[in-house]
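Quick notes on the structure that follows.
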Amino acid sequence: MIDNYRKLIKKYNESGPRYTSYPPATFFNENYGNKNYIESIELSNTENPKNISVYIHVPFCPQICHFCGCTTETGFSRPFLERYVDAVNKEIDFVADRLDHSRNLTQVHWGGGTPNAISYKYIEMITLKLKERFNFSENYEMAIECNPAHLNFRHIDLLKEFGFNRISVGIQDFRKDVLDAINRKTSKRPLEDLIKKIKDSGFTGTNIDLVYGLPLQTVDSFKSTIDKAINLGTDRIVTFSYAHVPSVLPRQKILEEIGFPSSESKAKMYENSYDQLTKAGYISIGMDHYSKPDDEFSIALNEKKLHRNFQGYCTRETTGQVYGFGASAISQLDSAYSQNFKNTMEYIRSIEKNNLSVYRGYSLSYNEKVIRHVINSVMCNYYVDFNEVAKYFNCPLYEIINILEYDSSNFQDFIDDNLMKIDGEKITIHKSGRLFTRNISMRFDPLIKQKVGTYSKTI
């Protein structure tokens with residue numbers, strides 16, 4: 001069994017997109033600019049889903065973790081932060097002016113960088129602007145990513161006061177030597193106390209993020225990490241696979257000097273995590289998320305309504321279309337993607353001059369929307385039914401088959417390896433195939449042949 005699993009890993013461990021979007025971000029181009037984004041915003045008022053989702057990017061970190069693939073920078077001053085916040089609020093105003101005011105905002109996600117490392121008055125200023133310009137739904141979710149090294153009880157109280165109801169704690173690993181290796185500080189307070197404080201403060205949701213495949217991690221040590229995570233009792237646990245792409249992120253080369261776990265060890269970490277978390281009562285959500293049975297992720301999975309974007313897994317009901325604000329922020333609309341300038345100063349200057357800061361994007365064709373829908377179903381719900389896809393797009397089944405250039409023989413190797421099955425027009429991914437969903441998704445992707453950009457290994 002183990003030997004066979006190793007053979008599968010060796011066979012399918014190739015470079016490929018993570019499919020947080022389709023087409024992947026490597027296909028975004030600079031021909032798409034501010035004017036295109038304005039048109040996309042106005043068009044989004046007529047498209048589904050109607051709900052509005054907002055992403056706020058805070059690109060600042062006290063220090064940069066070597067493994068991190070996010071847009072971050074250090075050395076920020078108070079005047080610079082104030083200028084940045086002013087730019088974000090100006091961008092919010094510009095976009096909000098062009099949105100249908102009958103639409104409700106159902107989700108706000110703060111990412112970074114380290115959002116909780118800046119002064120909380122700036123978090124409050126942006127939050128007040130959002131509340132001023134958008135109609136928050138009664139059951140909205142406002143989540144923020146927090147580094148526990150910069151989190152204390154007073155901060156938790158402030159976030160609750162501002163209207164946040166979910167905190168995502170980026171633990172990555174419980175071992176200090178692993179954190180030291182990736183240049184990440186440990187929490188000043190015991191993590192058990194922080195999680196308890198979050199729960200006691202009335203937050204409706206808490207999740208912790210872990211990363212496997214980092215230097216100094218072993219199969220046994222990460223097994224212990226998962227056990228500790230389970231004991232914290234959060235409603236969600238996320239186990240990200242470390243993506244090593246030093247050609248894109250040169251700082252990752254530092255980690256090569258220490259060394260990484262083998263692909264087989266990484267796969268075993270994934271397998272053990274799955275077994276430990278599911279035995280503890282968590283439901284497996286997509287490739288890397290786990291949630292308790294009564295969590296909305298688990299409910300969405302059961303109803304086959306799970307969705308995936310640059311912020312991770314989400315539900316179609318609460319996510320809606322995503323409008324991104326801040327440096328490097330990506331907007332994910334039904335018909336287009338738009339990304340702001342990554343350099344913070346360039347972002348600020350563009351906002352101050354043009355109200356927007358788009359440096360690249362992508363307009364989707366009808367065919368690409370179909371392919372995106374299919375890949376999302378595979379990645380999120382472990383299945384795809386072409387009849388359901390045809391119904392969703394209100395078109396004949398043969399049209400879907402033609403767009404996908406679908407040929408069941410292209411999946412025969414996955415079937416022979418007992419990773420999936422095909423029953424008529426329905427494809428189902430087995431439990432044994434979940435580690436290989438990126439590989440399976442690639443077979444639906446005609447753009448993969450173009451080899452645009454650099455991708456991480458699938459395992």
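In segment 174-191, how many are of a type in the set (D, E, K, R), closer than 18 Å to ARG251 by Cα and out of contact with any helix residue (DSSP H, G or I) (no Cβ under 6 Å at 6 or more places or on another chain)?
Residues of segment 174-191 that are of a type in the set (D, E, K, R), as a first pass: 175-177, 180, 184-185, 188-189.
Of the ones still in play, those that are also closer than 18 Å to ARG251 by Cα are 180, 184-185.
From what is left, the residues that are out of contact with any helix residue (DSSP H, G or I) (no Cβ under 6 Å at 6 or more places or on another chain) are 180, 184.
Number satisfying all stated conditions: 2.
Find the residue count for segment 45-57, including only residues that are closer than 22 Å to ALA327 by Cβ and out of contact with any His (no Cβ under 6 Å at 6 or more places or on another chain). Please lay out each step first, then the result.
Of the residues in segment 45-57, the ones closer than 22 Å to ALA327 by Cβ are 52-57.
Now drop any that are not out of contact with any His (no Cβ under 6 Å at 6 or more places or on another chain), which leaves 52-54, 56-57.
Residues meeting the conditions: 5.
Evaluate segment 317-326: report whether one residue or more is over 24 Å from the mean Cα position of the chain (by Cα), assigned by TED's automatic domain parsing to the domain that holds VAL108 and not in a strand (DSSP E or B). Please lay out each step first, then the result.
If we filter segment 317-326 for residues that are over 24 Å from the mean Cα position of the chain (by Cα), which is where we start, we get none.
Scanning segment 317-326 turns up no residue that is over 24 Å from the mean Cα position of the chain (by Cα), assigned by TED's automatic domain parsing to the domain that holds VAL108 and not in a strand (DSSP E or B).
Does any residue of segment 58-68 turn out to be surrounded by 22 or more Cβ atoms within 10 Å (Cβ to Cβ), of a type outside the set (A, V, I, L, M, F, W, C) and part of a helix (DSSP H, G or I)?
no
Restricting the search to segment 112-138, which residues are in contact (Cβ under 8 Å) with a residue 60 or more places away in the chain and touching a Ser or Thr at 6+ places or on another chain (Cβ under 8 Å)? Can you show your working first?
Initial filter on segment 112-138 (in contact (Cβ under 8 Å) with a residue 60 or more places away in the chain): 118, 126, 130, 134, 137.
Residue satisfying the conditions is SER137 alone.
Would you confirm, using the coordinates I've provided, whether ASP100 is part of a helix (DSSP H, G or I) and either under 21 Å from ALA327 (Cβ atoms) or acidic (Asp, Glu) (or both)?
Numbers: part of a helix (DSSP H, G or I): no; either under 21 Å from ALA327 (Cβ atoms) or acidic (Asp, Glu) (or both): yes.
Taking the combined requirement at face value, the residue does not satisfy it.
Quick check on my filter: what residues within segment 119-146 are within 20 Å of LYS197 (Cα to Cα) and in contact with a Gly (Cβ under 9 Å, 6 or more places away or on another chain)?
GLU141, MET142, ALA143, ILE144, GLU145, CYS146, listed by residue number.
Does ILE371 satisfy being closer than 21 Å to THR26 by Cα, buried (at least 19 other Cβ atoms within 10 Å of the Cβ) and modelled with pLDDT of 95 or more? Quick ask: steps written out before the conclusion?
Numbers: closer than 21 Å to THR26 by Cα: yes; buried (at least 19 other Cβ atoms within 10 Å of the Cβ): yes; modelled with pLDDT of 95 or more: yes.
Judged against the criteria, ILE371 is a match.
How many residues, within segment 263-290, are touching a residue at least 60 places away in the same chain (Cβ under 8 Å) and of a type in the set (Gly, Ala, Ser)?
Here the count works out to 5.
Please verify whether ILE171 is assigned by TED's automatic domain parsing to the domain that holds PHE60, in contact (Cβ under 8 Å) with a residue 60 or more places away in the chain, buried (at least 18 other Cβ atoms within 10 Å of the Cβ) and under 30 Å from LYS253 (Cβ atoms), treating the condition exactly as stated.
On the way: assigned by TED's automatic domain parsing to the domain that holds PHE60: yes; in contact (Cβ under 8 Å) with a residue 60 or more places away in the chain: no; buried (at least 18 other Cβ atoms within 10 Å of the Cβ): yes; under 30 Å from LYS253 (Cβ atoms): yes.
Against the criterion (assigned by TED's automatic domain parsing to the domain that holds PHE60, in contact (Cβ under 8 Å) with a residue 60 or more places away in the chain, buried (at least 18 other Cβ atoms within 10 Å of the Cβ) and under 30 Å from LYS253 (Cβ atoms)), ILE171 does not qualify.
If we keep just the residues of segment 247-258 that are at pLDDT below 90 and in a loop (DSSP other than H, G, I, E, B), which is surrounded by the most Cβ atoms within 10 Å (Cβ to Cβ)?
It comes out as LEU249.
Assuming LYS199 fulfils every condition listed in (1) charged (D, E, K, R); (2) surrounded by 20 or more Cβ atoms within 10 Å (Cβ to Cβ); (3) farther than 24 Å from ALA243 by Cα apart from one, which condition is it?
With (1) charged (D, E, K, R); (2) surrounded by 20 or more Cβ atoms within 10 Å (Cβ to Cβ); (3) farther than 24 Å from ALA243 by Cα applied to LYS199, the lone miss is (2).
Report, by residue number, each residue of segment 15-46 that is assigned to a loop (DSSP other than H, G, I, E, B), surrounded by fewer than 18 Cβ atoms within 10 Å (Cβ to Cβ) and in contact with a strand residue (DSSP E or B) (Cβ under 7 Å, 6 or more places away or on another chain).
Taking segment 15-46 as the starting set, the residues that turn out to be assigned to a loop (DSSP other than H, G, I, E, B) are 16-24, 28, 30-33, 45-46.
Narrowing further to those that are surrounded by fewer than 18 Cβ atoms within 10 Å (Cβ to Cβ): 20, 30-31, 33, 45-46.
Answer for segment 15-46, where residues must be assigned to a loop (DSSP other than H, G, I, E, B), surrounded by fewer than 18 Cβ atoms within 10 Å (Cβ to Cβ) and in contact with a strand residue (DSSP E or B) (Cβ under 7 Å, 6 or more places away or on another chain): THR20, GLU30, GLY33.
crowded, with 20+ Cβ neighbours inside 10 Å, in contact with a helix residue (DSSP H, G or I) (Cβ under 9 Å, 6 or more places away or on another chain) and either part of a helix (DSSP H, G or I) or modelled with pLDDT of 90 or more (or both): is that true of LYS228 in this structure? Let's see the steps before the verdict.
On the way: crowded, with 20+ Cβ neighbours inside 10 Å: no; in contact with a helix residue (DSSP H, G or I) (Cβ under 9 Å, 6 or more places away or on another chain): yes; either part of a helix (DSSP H, G or I) or modelled with pLDDT of 90 or more (or both): yes.
No: the conditions fail for LYS228.
Considering only residues that are within 24 Å of the chain's Cα centre (by Cα) and assigned to a loop (DSSP other than H, G, I, E, B), which ones fall in segment 178-223?
Residues satisfying the conditions are ILE182, ASN183, ARG184, LYS185, THR186, SER187, PHE203, THR204, GLY213, LEU214, PRO215, GLN217.
All but one of (1) within 19 Å of VAL219 (Cα to Cα); (2) modelled with pLDDT under 90; (3) in a helix (DSSP H, G or I); (4) not β-branched (Val, Ile, Thr) hold for SER265, so report the exception by its number.
(2) is the only condition that SER265 fails.
The values are calculated or read from the model by the stated rules, or taken from the named source; none is laboratory data. Keep in mind that what you see is a predicted model, and the values were worked out from it rather than measured. Don't worry about glycine lacking a Cβ; one is built from the backbone with ideal geometry, like all the others, and counts go over all protein chains shown.
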